[in-house]
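Novice: The following block contains the structure, expressed as structure tokens.
The values are calculated or read from the model by the stated rules, or taken from the named source; none is laboratory data. Keep in mind that this is a model prediction, so the values were computed, not measured. Glycine also receives a Cβ, built like all others from the backbone with ideal geometry; neighbour counts cover every protein chain displayed. These area figures cover heavy atoms from the full protein model, side chains too; ligands, DNA and RNA do not enter into them. Shrake-Rupley method; radii C 1.70, N 1.55, O 1.52, S 1.80 Å.
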Amino acid sequence: RPPPPAMPAFRQVGEKQLPQEVVFMAWSPKRDLIALANRAGEVLLHRLANFQRVWSLPPNENTGKEVTALAWRPDGKILAFGLTDTKRIILCDVEKPESLHSFSVDSSITYMHWMEVTEESSVLTSFYNAEDESNLLLPKLPALPKNYSTTAKIFSEEKSDEIMKLLGDVRLNALVLGGSSGFIEIYAYGMFKIATVTGVAGSCRGLCLSSDLKSLSVITEIQDSSDSEAEITYFQASKLDTSLLSSYLPEVTRMARKFTHISTLLQYIKLSLTCMCEAWEEILMQMDSRLTKFVQEKNTTTSVQDEFMQLLLWGKASLELQALLMNQLTVKGLKKLGQSIESSYSSIQKLVISHLQSGSEALLYHLSELKGMALWKQKYESLGLDASGIEEAITAVGSFILKANELLQVIDSSMKNFKAFFRWLYVAMLRMSEDHVLPELNKMTQKDITFVADFLTEHFNEAPELYNRKGKYFNVERVGQYLKDEDDDLVSPPNTEGNQWFNFLKNSTHLKESPLLFPYYPEKSLHFVKRQMEGIIDQCLQKPADVIGKSVHQAVCMSLYKTSQSEDSTPQLFKLPFLWNDKKSNIHYVLFTILENSISKIYILRRHTDTSRSVSNGILAVDFGNFLNNSINESSDSRCYSCLDAHFYDDETVTVVLKESVEQEEKERVLAQLPLSSVYTDEDQDGEFIWDSTKRLDEQSGEISTRTVFLENQWRVLENMKAQYVSVNGIRKVSCVLSSNLRHVRVFEMDVEDDGEVEEEEEEETT
């Protein structure tokens, strides 16, 4: 009996009992942070040390309550999670729990994998270096103001750098989403959809895009109801050929980068508009509602316009108008209204000039560059870039800019009008209350009087049809209508009569269709034009995804095994099978377990992503020799461990959780590292197993060769814990073990016992 290791391998650095059941865990690729999702729909971030909580993002009505997948961006700065109930994907900042970007998908997401392209080529390098040229040409986007509410929180810093975090590193990375009923989509940089893959059956349980983008491995779970028994699930592994992506890698990167810039800018414009809507206050509606009430209550036949005109010309007001002004509006109220109109109009004006305009100009720049790319047919046509669609998008952005300018003009004239009107009304009201009027306020020139008279004529006419539409007779305040998010036309569109340019356009036949002139929607609000622009740009973004998606075809497909019905209580997210891509040699591995004689045995399947390679795609089963030596006779069956969970730790090692399968009461649980070198000893033995593709793998498992492995000292007994699942990260050399009740967590540093093996820099691991 060999002496037990002097010190247990792996150092425990934290342990916690959590209040909610954990349904998902993922280690950050770059820092000692682990993200968890729980049954309550929270997303939590914990530190390795003592398993301290960094932040938590509570479930939210708009985003959703059921988290079903997590993935880290390879640079570790952004965490993506998918929600089933709302079918949304949220990209969240690692520094603080705030959503930076979100989008909807057509299916509930069951798996996410975020990978980075490691290919190097001179074309790519030169693009990576030249990528910043847009920053040289475009002014920096100003940050949104601090004092607006939570929606604009993302810009709460001095600069608008927060949104630029979304862009991240220029090297291409791709977020692969898998969902129910064969839904698979690939998003470049986590934002721009570059492929919608069809033709895969079943609900997705594992995805792995090789780092050269040549192939995508998928594991799906298929509900098979052909059996007479209850529905039985079996897993199948498919390998999809995505060579279009790898052969056009520089073009894909370039196009995706552009679209990511565009999505980021659209988000920026959306938030600027939100800020504008918040700057526009409800108090500005007071004037309209007070006047409407006045109309409803007065019993004279003179119109409101005439009442004010009489006050303006003769300085006398009817008793009713006097009551309205003195009792309801009051001098104090008038002052307040004047101030809030001024402050909110000028904030809106600033936002339009600095944010909306700079954002939409940057948008025009990127779209024009994209159009240039689309016209380079030999490079971009096969990726589905379409110049005419981009042309429409450019036009839509142009219309948006025109609308923003129109809003500026409306604000400008409204501010002038209101100033003069309030100044005059203030004096009139002071006179009514027989207060002393300061002499400098009393000077009204003829010009001022005409100005106010014009304002009264234009803005104070009663409109009964408006009452039916909006429940008020007046629309004195003209700015708010542009910011309303409705499909209705504007209540009072700007008056274009006598405008020479409009008349010129009307009378010239050939200018109407000119692509150089942006169409102008005089009747519509700013929101409406923005929505239209987003819709058209979205269309533009859709096409490449369909074209690239159609080019993806299935290369290999094999059925693995059926699951037993008993284990249904566990959340889907933890169940094997597990996929892993060895980036150096581009081999995909699949780990899974099959139950034989009440012992679940682990299988390792490996495939080369490069189909031309003749290397055998082998499959092996692994047995663990007895290493606990708990009073079992040496002669007894050495197969006494069930594998509960297995994950790749790095390219050379698999981390496993084992359970003793002895007839005793106490069953120890063990965390162990299984080196692949001890499994794949001789290459040539791999090829013995001849795959019968008509049957599932578990029906021919008897013929698969089994390796028995004796672990030396890379294992540790997990005392007092019903360990069941493990999540590991070989780069940071950490692991997190979760108990079968999903609430008890233990974290370990894995390589504290160094046994002289030179560990290469390991690749990241997501679970």
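Here's the yes/no breakdown for (1) hydroxyl-bearing (Ser, Thr, Tyr); (2) surrounded by fewer than 19 Cβ atoms within 10 Å (Cβ to Cβ):
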position: SER343; (1), (2): yes, yes
position: SER346; (1), (2): yes, yes
position: SER358; (1), (2): yes, no
position: ALA362; (1), (2): no, no
position: HIS366; (1), (2): no, no
position: GLN378; (1), (2): no, yes
position: GLY384; (1), (2): no, no
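Novice: Turning to a different aspect of this structure: So, in segment 472-514, how many residues would count as being assigned to a helix (DSSP H, G or I) and crowded, with 18+ Cβ neighbours inside 10 Å?
Specialist: 4
Novice: May I ask you to verify whether ILE353 is assigned to a helix (DSSP H, G or I), open to solvent by 40 Å² or more (accessible area, probe 1.4 Å), within 22 Å of PHE418 (Cβ to Cβ) and out of contact with any strand residue (DSSP E or B) (no Cβ under 6 Å at 6 or more places or on another chain)?
Specialist: Criteria met by ILE353.
Novice: Filter segment 295-309 down to residues that are within 16 Å of LEU456 (Cα to Cα), touching an Asp or Glu at 6+ places or on another chain (Cβ under 9 Å) and either surrounded by fewer than 19 Cβ atoms within 10 Å (Cβ to Cβ) or at pLDDT below 80 (or both), then give me how many there are.
Specialist: Count: 4.
Every residue, every condition in (1) modelled with pLDDT of 75 or more; (2) of a type in the set (Ser, Thr, Tyr), yes or no:
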position: SER677; (1), (2): yes, yes
position: TYR680; (1), (2): no, yes
position: LYS695; (1), (2): no, no
position: GLU699; (1), (2): no, no
position: GLY702; (1), (2): no, no
position: ASN713; (1), (2): no, no
position: ALA723; (1), (2): yes, no
position: CYS736; (1), (2): yes, no
position: ARG746; (1), (2): yes, no
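Novice: Among the candidates ASP412, ASP435, single out the residue that is open to solvent by 40 Å² or more (accessible area, probe 1.4 Å) and part of a helix (DSSP H, G or I).
Specialist: ASP412
Novice: Give me the residue from segment 56-77 that is part of a strand (DSSP E or B) and in contact with a Phe, Trp or Tyr (Cβ under 7 Å, 6 or more places away or on another chain) and, out of that set, farthest from ALA37 (Cα to Cα).
Specialist: TRP72
Novice: Note down all Cβ pairs under 9 Å where the first residue falls in segment 434-461 and is acidic (Asp, Glu), the second is surrounded by 10 or more Cβ atoms within 10 Å (Cβ to Cβ) and modelled with pLDDT of 80 or more, and they're at least six residues apart or on different chains.
Specialist: Listed by first residue and then by second, the contacts come to ASP435/VAL331; ASP435/MET429; ASP448/ALA420; ASP448/ARG423; ASP448/TRP424; ASP454/ASN417; GLU458/ASN417.
Novice: Looking only at segment 438-453, count every residue that is at pLDDT 80 or above and open to solvent by 90 Å² or more (accessible area, probe 1.4 Å) and tell me the total.
Specialist: The qualifying residues number 2.
Novice: Right, something else. Looking only at segment 20-59, which residues are among the hydrophobic types (A, V, I, L, M, F, W, C), under 17 Å from the mean Cα position of the chain (by Cα) and over 14 Å from CYS736 (Cβ atoms)?
Specialist: Answer for segment 20-59, where residues must be among the hydrophobic types (A, V, I, L, M, F, W, C), under 17 Å from the mean Cα position of the chain (by Cα) and over 14 Å from CYS736 (Cβ atoms): VAL43, LEU57.
Novice: CYS736 versus (1) under 22 Å from GLY76 (Cα atoms); (2) in contact with a strand residue (DSSP E or B) (Cβ under 6 Å, 6 or more places away or on another chain); (3) open to solvent by 40 Å² or more (accessible area, probe 1.4 Å): which is the lone unmet condition?
Specialist: Evaluating CYS736 over (1) under 22 Å from GLY76 (Cα atoms); (2) in contact with a strand residue (DSSP E or B) (Cβ under 6 Å, 6 or more places away or on another chain); (3) open to solvent by 40 Å² or more (accessible area, probe 1.4 Å) leaves (3) as the failure.
Novice: So LYS16 fits all but one of (1) over 14 Å from the mean Cα position of the chain (by Cα); (2) modelled with pLDDT of 85 or more; what number is the exception?
Specialist: Condition (2) is where LYS16 drops out.
Novice: Looking at SER354, is it within 22 Å of GLN481 (Cβ to Cβ), under 50 Å from the mean Cα position of the chain (by Cα) and touching a residue at least 24 places away in the same chain (Cβ under 8 Å)?
Specialist: Taking the combined requirement at face value, the residue does not satisfy it.
Novice: A further question on this structure: Being farther than 25 Å from GLY730 by Cβ and either out of contact with any Lys or Arg (no Cβ under 7 Å at 6 or more places or on another chain) or open to solvent by less than 40 Å² (accessible area, probe 1.4 Å) (or both), is that true of even one residue in segment 21-30?
Specialist: no
Novice: Right, something else. Say whether the condition of being under 30 Å from LYS379 (Cα atoms), in contact (Cβ under 8 Å) with a residue 60 or more places away in the chain, hydroxyl-bearing (Ser, Thr, Tyr) and not in a helix (DSSP H, G or I) is met by at least one residue in segment 288-307.
Specialist: No: segment 288-307 contains no residue that is under 30 Å from LYS379 (Cα atoms), in contact (Cβ under 8 Å) with a residue 60 or more places away in the chain, hydroxyl-bearing (Ser, Thr, Tyr) and not in a helix (DSSP H, G or I).
Novice: Does GLY338 count as of a type in the set (Gly, Ala, Ser) and either open to solvent by less than 10 Å² (accessible area, probe 1.4 Å) or free of Cβ contacts under 8 Å to residues at least 40 places away in the same chain (or both)?
Specialist: no
Novice: Could you check how many residues of segment 310-322 are in a helix (DSSP H, G or I) and open to solvent by 40 Å² or more (accessible area, probe 1.4 Å)?
Specialist: Number satisfying all stated conditions: 6.
Novice: Within the bounds of segment 573-588, is there any residue that is at pLDDT below 70, of a type in the set (A, V, I, L, M) and on the phi < 0 side of the Ramachandran plot?
Specialist: Yes, segment 573-588 contains a residue that is at pLDDT below 70, of a type in the set (A, V, I, L, M) and on the phi < 0 side of the Ramachandran plot.
Novice: Of all residues in segment 523-545, which are among the basic types (Lys, Arg), in a helix (DSSP H, G or I) and under 15 Å from PHE400 (Cα atoms)?
Specialist: LYS530, ARG531 - these are the residues of segment 523-545 that are among the basic types (Lys, Arg), in a helix (DSSP H, G or I) and under 15 Å from PHE400 (Cα atoms).
Novice: Suppose we filter LYS419, LYS371 for residues that are part of a helix (DSSP H, G or I), of a type in the set (Lys, Arg) and within 30 Å of LYS140 (Cβ to Cβ); which single one remains?
Specialist: Criteria check complete, one pass: LYS371.
Novice: Checking TYR189 against (1) within 22 Å of LEU383 (Cα to Cα); (2) free of Cβ contacts under 8 Å to residues at least 60 places away in the same chain, which single condition isn't satisfied?
Specialist: (2)
Novice: Still on this model: Which count do you get for residues in segment 183-218 that are assigned to a loop (DSSP other than H, G, I, E, B) and either aromatic (Phe, Trp, Tyr) or out of contact with any strand residue (DSSP E or B) (no Cβ under 7 Å at 6 or more places or on another chain) (or both)?
Specialist: Residues in segment 183-218 being assigned to a loop (DSSP other than H, G, I, E, B) and either aromatic (Phe, Trp, Tyr) or out of contact with any strand residue (DSSP E or B) (no Cβ under 7 Å at 6 or more places or on another chain) (or both): 6 in total.
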